[in-house]
Amino acid sequence: DLITTTGTDGYGVYLSTAESNTLTLTSALTSTGTNGDTVRLDSSNTNNITLTGNISTSGQYAQGFSLSDSDSNTINYTGNISTSGQSGVGLYLIRSDSNTATLTGDITTTESSAHGLYLVASDSNTLTMTGGISATGSSAYAIYVDSEADNNTINLTLNRGDRLVGGIYNDGSGNTLN
């Protein structure tokens, strides 16, 4: 199965002001438009999302997973995430607290300012990833945590052949990388 979106703000899976939902999906997700996030949560709390399948975005500002003003969600994802647009991010949290995400697979970004994991003004999240992260564009980081993102835990397991390519930037406090 394949879910494809094109055009500006085309989302593959979109939850807005959604509370306490359970979503299980096995499908590849592809987005080619500007701001075309394949999975996006806006002001959505306590949801459980299980997704299996590769994610690919190619538009500017297109994210694999995007959580905005969304708290206490649980995400379980198996597959690879690739972004090839400027400022495209694998997993993006902005003003989102106390979420738990478990990712199994690789994250690859290739354009400028395109980060693997990007946390902005988001606190007390737990991100567990098994796989490599590669961010090769200019001003791109494998992991980027801004000055208003505090007390987050990122657990990264690299297996044989996995690589961490790109810098790690932390400007918050109390963040842990294991």
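Residue count for the stretch 68-95 under the criterion of being in a strand (DSSP E or B) and either touching a Cys at 6+ places or on another chain (Cβ under 9 Å) or under 20 Å from Asp106 (Cβ atoms) (or both): the result is 12. Of all residues in the stretch 121-148, none that is under 15 Å from Tyr92 (Cβ atoms) has its Cβ atom under 8 Å from the Cβ atom of a residue that is of a type in the set (Asp, Glu) and buried (at least 22 other Cβ atoms within 10 Å of the Cβ), 6 or more apart or on another chain. On inspection, Ile133 passes the criterion of being buried (at least 19 other Cβ atoms within 10 Å of the Cβ), within 21 Å of Thr102 (Cβ to Cβ) and in contact with an Asp or Glu (Cβ under 8 Å, 6 or more places away or on another chain).
Gly7 - would you say it is at pLDDT below 95 and either within 24 Å of Gly166 (Cα to Cα) or in contact with a strand residue (DSSP E or B) (Cβ under 9 Å, 6 or more places away or on another chain) (or both)? No; evaluated as a whole, the condition is false for this residue.
Filtering the stretch 12-26 down to residues that are at pLDDT 95 or above and small (Gly, Ala, Ser), which residue is surrounded by the fewest Cβ atoms within 10 Å (Cβ to Cβ)? Within the stretch 12-26, the match that is surrounded by the fewest Cβ atoms within 10 Å (Cβ to Cβ) is Ser20.
The residue of the stretch 90-125 that is least open to solvent (accessible area, probe 1.4 Å), among those that are charged (D, E, K, R) and more than 15 Å from Asp71 (Cβ to Cβ), is Asp106. Which one is nearest to Tyr77 (Cα to Cα), of the residues in the stretch 28-46 that are of a type in the set (Gly, Ala, Ser) and surrounded by fewer than 18 Cβ atoms within 10 Å (Cβ to Cβ)? So the residue we want is Ala28.
Looking only at residues in the stretch 52-89 that are of a type in the set (Phe, Trp, Tyr) and touching an Asp or Glu at 6+ places or on another chain (Cβ under 9 Å), which one is most open to solvent (accessible area, probe 1.4 Å)? Of everything passing the filter in the stretch 52-89, Tyr61 is most open to solvent (accessible area, probe 1.4 Å).
Asn155 fulfils the conditions (1) open to solvent by 30 Å² or more (accessible area, probe 1.4 Å); (2) part of a loop (DSSP other than H, G, I, E, B); (3) more than 22 Å from Ser56 (Cα to Cα); (4) of a type outside the set (Val, Ile, Thr) except for a single criterion, (2). The lone criterion from (1) farther than 18 Å from Gly64 by Cβ; (2) among the aromatic types (Phe, Trp, Tyr); (3) surrounded by 22 or more Cβ atoms within 10 Å (Cβ to Cβ) left unmet by Tyr169 is number (3).
Residue by residue, here is whether (1) modelled with pLDDT under 95; (2) in contact with a Leu (Cβ under 9 Å, 6 or more places away or on another chain); (3) under 27 Å from Thr46 (Cα atoms); (4) of a type in the set (A, V, I, L, M, F, W, C) holds:
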| site | (1), (2), (3), (4) |
| --- | --- |
| Ala114 | no, no, no, yes |
| Ser122 | no, yes, yes, no |
| Gly131 | no, yes, yes, no |
| Ser134 | no, yes, no, no |
| Tyr144 | no, yes, yes, no |
| Gly166 | no, no, no, no |
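Consider Asp9 against the criteria (1) in a strand (DSSP E or B); (2) open to solvent by 60 Å² or more (accessible area, probe 1.4 Å): it satisfies all of them except one. Which criterion is unmet? Status for Asp9: all satisfied but (1).
The values are calculated or read from the model by the stated rules, or taken from the named source; none is laboratory data. Note that the coordinates shown come from a computational prediction; the quantities given were computed from them, not determined experimentally. No Cβ is skipped: glycine too gets one built from the backbone with ideal geometry, and neighbour counts run over all protein chains shown. Side chains included, ligands, DNA and RNA excluded: accessible areas come from the protein's heavy atoms. Shrake-Rupley method; radii C 1.70, N 1.55, O 1.52, S 1.80 Å.
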